[in-house]
Every structure is written in C-alpha cells, then in structure tokens.
Amino acid sequence: MRRLDQLLSSLGYCSRREAAAAVKAGRVRIGAVVAKRPDEKVDPRLVTLDGEVLEAPDGLLAVLHKPAGCVCTHSEGEGPTIYALLPPRWLNRNPPVTSVGRLDKETSGLLLITDIGSIVHEHTSPRAAVEKVYEVELDGDLRPPLVEIFASGRIMLRGEEKPCLPARLEITGPRTARLTITEGRYHQVRRMFASQGLHVERLHRTRCGGFTLDGLQPGEWRMVGAGE
Ligand code: URA
C-alpha cells in the first residue's frame, strides 16, 4: 500500500501538490471509487488517473533500440541522448530510469532501461556473467585463428592487468563477425579487436541476457512485461 500523492509523484505523473489537485478534481479512482484524499493508502495496481491505469507501478523495465549517434548520458553536451527517445515521464520517476550499462555513441542496438536497482546490479555485476551479443564490422579480413584467440581468455587490453574472459567469436563474413562476451569493460569489443590489429567500423548489440530487439527499429522501445 502506498500513499496516493507520493505514488503519483514517484511515478512521474505530477508533483505531490498537483496530485492533491487531481484528487480534488475527481480525476483519480481506486478501482471504481473516486479517491477522496491525497494521503489515502492505496494499492498502486488499482489506481487510475483520468481513466488510465498507472504505468509500471512496481518498477519499469524496457528494451530500447539505441540508434548510432546518441549518447547514454543525461548531459546534452556530447550530442543527442537516449533519454530524449523515452517518454519524459520516465525521467520524472523517482528513482528515474537509467540505462543498464552503456553503449558507445557510435554503437547501436539493445539497451535495457530501468528504474529497478536490482536489475542494474544483476546485469552489470561481473559475477552474473550476463551474455552480450554484438554484430561487428571490421576494416580488415578476419583470420580463422582469431576464433581460438578470442576463446583463449588471454586477450590483454591496453592498460589493463587482467586478460579478458573467454569470448565466443563467430566469423560470419570476410569482415563481419558475431561476438559474445560476458564482461562489460570500457569499449571492450573495440579494444579486443584493436588488440588483434583490427578496427571496428560498425558495432551493433543484438542481445543482452535473455532480451533481444525483437524487430524494434532504431529509436523504438518496448516495455518488458512482468515475467519476461
Ligand atoms: N564494446 C564496445 O567497444 N562498445 C560498446 O558500445 C559496447 C561494447
């Protein structure tokens, strides 16, 4: 049970003061009954505002297809941000939504967006070893021995002391590959290929754990249902 005005403001609908005004104006219902007081304790799933149920009252999780060219930060200084692609209300939630990890500005593909702290932790903790799958285009030809080199757990990234964990490289064309990694080091995919003398020209993430893009176009998002 949650206090009605706190609930509406924490889900980004309005301030607590505006919530009180909405209650007074009869715009809020608990089930079929018009809410009477903003401090009423309510079951969030029964509340409607202007006839609409509240969005993701137990925490929000969405899949976004990040287009290349936008950044995963909140500050506008480095170009358009992924947050401009999302409903403004999501940023007014408390806590606000955030991306689970980040993709480089020029990387496209799957990003999880959530306000559920445990999901961020589960997906980014090294111990969880969540698989992330990338489609990669390179500036040079891929040699078959690279498959074993990537799988060896011996690739060292410049400036780091520990080698990368084994990664699965599938060569899909002369200059294209699919790479599956379970870590999330800074610019990891680009740096793994750089360690082998190859420059990544295009990078696109298709999967993160059990989540896929499922036909989302760049810039589109979909809400993840409970139980998915
Ligand atoms: N590895 C990279 O180099 N860049 C990304 O955006 C993600 C993984």
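FYI, it's all coordinate maths here, none of it is from the lab. Keep in mind that what you see is a predicted model, and the values were worked out from it rather than measured. Please note: Cβ atoms are built from the backbone with ideal geometry, for glycine as well, and neighbour counts cover all protein chains shown.
Assorted remarks:
- Computed from point charges on the beta carbon alone (+1 for Lys and Arg, -1 for Asp and Glu), the dipole magnitude for the chain about its Cα centre is near 560 Debye.
- When only Cα pairs below 8 angstrom with a gap of at least 6 residues are kept, the stretch 8-117 shows a relative contact order of 28 percent.
- Applying 0.36 nm per residue to the separation of residue 53 and residue 37 and subtracting their alpha-carbon distance, the gain on full extension is 3.9 nm.
- Helix-only CD estimate at 222 nm, as mean residue ellipticity for the chain, using -39500 (n - 2.57) per DSSP H run (n ≥ 4): -5000 deg cm²/dmol
- Solvent-free Debye calculation, one equal scatterer per alpha-carbon of the stretch 97-167: log10 I(q)/I(0) at 0.24 Å⁻¹ equals -1.25.
- Point-to-point label distance, residue 220-residue 176, nm (Cα→Cβ direction, 7 Å offset): 2.0 nm
- Between residue 118 and residue 201, the modelled label-to-label distance comes to 4.5 nm, taking each label 7 Å out from Cα in the direction of the beta carbon.
- Cα lying deepest toward the dipole's positive end in the stretch 62-125, options 112, 86, 75, charges on Cβ: 86
- Expressed in units of 2.2 N^0.38 Å, where N is the residue count, the Cα radius of gyration of the stretch 1-75 is 1.34.
- The percentage of C-alpha pairs in the stretch 131-208 whose separation is greater than 20 Å is 19%.
- Within a straight-line Cα-Cα reach of under 16 Å, residue 24 can be paired with the following aspartates and glutamates, leaving aside sequence neighbours fewer than 8 residues apart in one chain: 5, 39, 40, 50.
- Taking all Cα-Cα distances within the stretch 62-125, those exceeding 18 Å account for 32%.
- Simple rule: put +1 on each Lys or Arg Cβ and -1 on each Asp or Glu Cβ in the stretch 131-208, find the dipole, and look at 136, 157, 147; the Cα lying farthest toward the positive end is 157.
- Measuring spread by the Cα atoms of the chain yields a radius of gyration and Dmax of 21.8, 70 Å.
- Using a Förster distance of 45 Å, the FRET efficiency for residue 148-residue 24 (Cβ separation, nearest 0.05): 0.05
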